[in-house]
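Asks: This structure is in structure tokens; I'll ask about it shortly.
All of the numbers you see were taken from the coordinates with simple rules; none came from a lab. The structure displayed is predicted, hence computed values, not measured ones. Cβ: placed from backbone, ideal geometry, glycine included. Neighbour counts: every protein chain shown.
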């Protein structure tokens with residue numbers, strides 16, 4: 001089994017680890033970039049950004065109470081999409097060239113059936 005937990009090394013690193021029931025995708029590098037973009041937007045117009053985030057939070061509460069197909073839910077989704085477009089390249093993480101194959105290989109490797117250790121093998125008495 002490969003131990004390469006970083007099949008994607010750029011433009012944003014993606015780490016992939018096996019869990020007992022599946023996998024985790026660590027996109028911390030991408031999220032750091034998003035937070036830095038938010039910080040830059042706050043530095044440029046902190047009051048405007050805060051007001052927008054507060055409005056989105058209010059819409060999210062309303063959408064939760066009113067349901068997925070409510071006006072509040074649609075408005076929340078539009079506002080979130082606009083913010084993502086502004087600070088996070090619409091929330092898309094690009095993966096290029098050979099990294100696409102490495103990511104697929106790593107996920108296939110993790111998805112392959114693994115033997116479940118018996119209790120005695122796992123350290124039980």
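Asks: Among (i) 93; (ii) 187; (iii) 203, only one was calculated for this model; which label is it, if the read-out is volume of the Cα convex hull per residue in Å³?
Replies: (ii)
Asks: Right, here's the next one. Relative to the longest principal axis of the C-alpha atoms of the chain, give the angle of the C-alpha long axis of helix 28-66, reported between 0 and 90° and rounded to the nearest 10°.
Replies: The helix 28-66 is inclined about 70 degrees to the chain.
Asks: Sticking with this structure for a sec: Express in % the proportion of alpha carbon pairs of region 45-92 at distances exceeding 16 Å.
Replies: The calculated P(r) of region 45-92 puts 41 percent of pairs beyond 16 Å.
Asks: Okay, moving on. For 93, 14, which order do you get if you count the other beta carbons within 10 Å of each Cβ and list the fewest first? Working shown, then result.
Replies: Working: 93 16, 14 22.
Result, fewest neighbours first: 93, 14.
Asks: Taking 7 Å along the Cα-to-C-beta vector as the label spot, tell me the residue 47-residue 82 distance in nanometres, rounded to one decimal.
Replies: 1.9
Asks: Multiply the residue gap between residue 66 and residue 111 by 0.36 nm, knock off their C-alpha separation, and tell me the result in nm, one decimal place.
Replies: On the way: separation 45, 0.36 × 45 = 16.20 nm, distance 3.80 nm.
Gain on extension, residue 66 to residue 111, equals 12.4 nm.
Asks: Over the chain, with a Gaussian network built from C-alpha contacts below 10 Å, which listed residue (54, 87, 95) shows the highest mean-square fluctuation?
Replies: 54
Asks: What number, rounded to the nearest 500 deg cm²/dmol, is the helix-based mean residue ellipticity at 222 nm of the chain, given -39500 (n - 2.57) per DSSP H run of at least four residues and division by all its residues?
Replies: Working: 3 runs with 70 residues, N = 125.
Dividing the helical sum by the residues of the chain leaves -19500 deg cm²/dmol.
Asks: Using the alpha-carbon atoms, what tilt in degrees (0 to 90, nearest 10) does helix 98-111 show relative to the longest principal axis of the chain?
Replies: Result, in degrees: 60.
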